[in-house]
Amino acid sequence: MISVDVRAVSKTFGGEPAVNDVSFTVTRGDLVVLLGPSGCGKSTMLRMIAGLDAPTSGAVMIEGGDVRGLTGAARGVAMVFQSYALFPHLTVADNITFGLSVRGIAKAEQARRLDEITALLGLGPLLQRKPAQLSGGQQQRVALGRALIAQAPVCLLDEPLSNLDAQLRQELRREIRALQQRLGITMIYVTHDQTEAMSMADRVVLMKGGRIEQNGRPADLYQRPASLFAARFIGSAPMNFLDLDDGPQGATAVIAGTAGPALFAASGRGRVLGLRPEDVTVETAANRARFRSAVTAVEYLGGEALVTCVIAGRPIVARTRGDAALAVGTEVGLAWDEAAGHVFDANTGQRLALATFDAAASVQRHAIANQGVP
Ligand code: ATP
């Protein structure tokens, strides 16, 4: 059942498009993240769903009805703002129930819902405090409580965790996700943080320059990024890229003056190969892999380490076990499965399907051969 249906929505400010022909749907009970870099139009899109801004063209449907001209409450949405927007002179309890009072909901019903939300969010000891007497995480919970108590079918959150430190962000994103799933709330959540998006979302709508770049499950975006932009934006550490050209036996990495080894049996000209760090293996018995490089940097992260080498003048990061104990300068072999590679058109940035390559392309291990130490 579709709860929110955004149909060909555009919004221009002074002739400049902030949101450009955007369409997506949100299934009831799902958490959809609008993800993208600063200025890509995420907040503008959310504000149009909330009823705070009107689309220049297109329509927003909520629970099957066109909500044009309706207020947020009338369209059945509640919103949590980045700034929390709590009333400083009201107690936590009054902040949470404020919207219910405005809507004339009976005191007994207000008290019942407040008890429920207080227990859900662990706000009991804080109810009589003012916002200034709360930590950032506590203020965030109050803002969430104020949105949840409305029992609106759709809850909209605009970068709700961006004012908090890393550890609290991690805790609260788990809490919000658990709460959203337990209560079956339809949520649209705006963030520029891909980790937040990947860890919370049922679906991610990745935006760039006012348009949708890719719309899919987190695993779709990670495993099959639709474009170079999506491939770069999703993943930490980021994907590695090698510019390709045509060699004698197929696509090869571009190396000034020399043809590198074949990476797959198809044309490489005008294409870019993408490799996730976990798909690149580092072999210390360098003769086992045909591709060699010296380690130029090691970032130790505890359970894992990011080992940087160089291929065709480009840094290639491999994810290894943290206890691999490789030192800078060690000569290693690099390898990956051909099937793990992502291939993109260098001009359009679009992903190229392997099916479009020569049928002869075999799934073999490849490594950079005989390049020596850069
Ligand atoms: P951020 O993560 O920085 O909040 P965003 O992806 O949410 O970015 P928006 O706030 O939606 O981006 O802005 C999209 C574009 O629209 C930007 O270029 C912005 O400058 C412009 N814009 C947003 N609101 C207005 C406005 N009220 N008047 C004029 N231009 C605006």
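Cα axis of helix 136-148 to longest principal axis of the chain: angle in degrees, 0 to 90, nearest 10?
Compared with the principal axis, the helix lies near 60 degrees.
Any chance you could list P(r) for the chain, counting all Cα-Cα pairs in 10 angstrom bins from zero, rounded to whole %?
5, 20, 24, 20, 15, 10, 4, 1, 0
Cα to Cα, under 24 Å, and not fewer than 8 places away if on the same chain: which lysines meet these conditions relative to LYS130?
The reachable lysines, counting only those whose Cα sits under 24 Å from LYS130, are LYS107.
Taking the alpha-carbon distance from LYS11 and a cut-off under 22 Å, which lysines remain once sequence neighbours fewer than 8 residues away in the same chain are dropped?
LYS42, LYS208
Given the chain, what percent of its DSSP beta bridges are antiparallel, to the nearest 5?
Antiparallel bridges make up about 75 percent of those DSSP assigns within the chain.
Give me the distance in nm between label points sitting 7 Å out from Cα along the Cα-to-Cβ direction at LYS130 and ALA178, one decimal.
That separation, rounded to one decimal, is 3.3 nm.
Counting other Cβ atoms within 10 Å of each Cβ, which trypsin sites (Lys or Arg not before Pro) in the stretch 17-63 have at most 16 and sit in a DSSP loop?
Details: sites: ARG28, LYS42, ARG47; in loops: ARG28.
Of the trypsin sites (Lys or Arg not before Pro), the ones in loops of the stretch 17-63 whose Cβ has at most 16 other Cβ atoms within 10 Å are ARG28.
Which order do peptides 216-222, 326-332 fall in by mean Cβ count within 10 Å, highest first?
Numbers: 216-222: 17.1, 326-332: 13.6.
Averaged packing, sorted descending, gives the order 216-222, 326-332.
Helix 166-183 against the longest principal axis of the chain: what's the angle in degrees, Cα atoms only, rounded to the nearest 10?
Between helix and principal axis, roughly 60 degrees.
Please report the net charge: other residues with Cβ closer than 9 Å to the Cβ of LYS42, K and R +1, D and E -1.
Value of the local net charge: -2.
Can you send over the carbon and sulfur percentage of the accessible area for the chain, probe radius 1.4 Å, protein chains only?
Taking all protein chains in place, the chain shows 51 percent carbon and sulfur surface.
Any idea what the dipole of the chain comes to, in debye rounded to 20, about its Cα centre with Lys/Arg Cβ at +1 and Asp/Glu Cβ at -1?
With Lys and Arg at +1 and Asp and Glu at -1, about 740 debye.
Can you work out the accessible area per residue across the chain, with the rest of the protein chains kept in place, probe 1.4 Å, in square angstrom?
Working: 16800 Å² over 374 residues.
Here the residues of the chain average 45 Å² of exposed surface.
Report the rotationally averaged projected area of the stretch 17-131 based on its alpha-carbon convex hull, in square nanometres. Provide the component values of the computation, followed by the final result.
On the way: hull surface 36.6 nm².
Averaged projected area of the stretch 17-131's Cα convex hull equals 9.1 nm².
The values are calculated or read from the model by the stated rules, or taken from the named source; none is laboratory data. What you see is a predicted model; the values in this text were computed from it and never measured. Neighbour counts are summed over all protein chains in view; Cβ atoms, including those assigned to glycine, are modelled from backbone coordinates with ideal geometry. Surface areas here come from the heavy atoms of the whole protein model, side chains and all, with no ligands, DNA or RNA. Shrake-Rupley method; radii C 1.70, N 1.55, O 1.52, S 1.80 Å.
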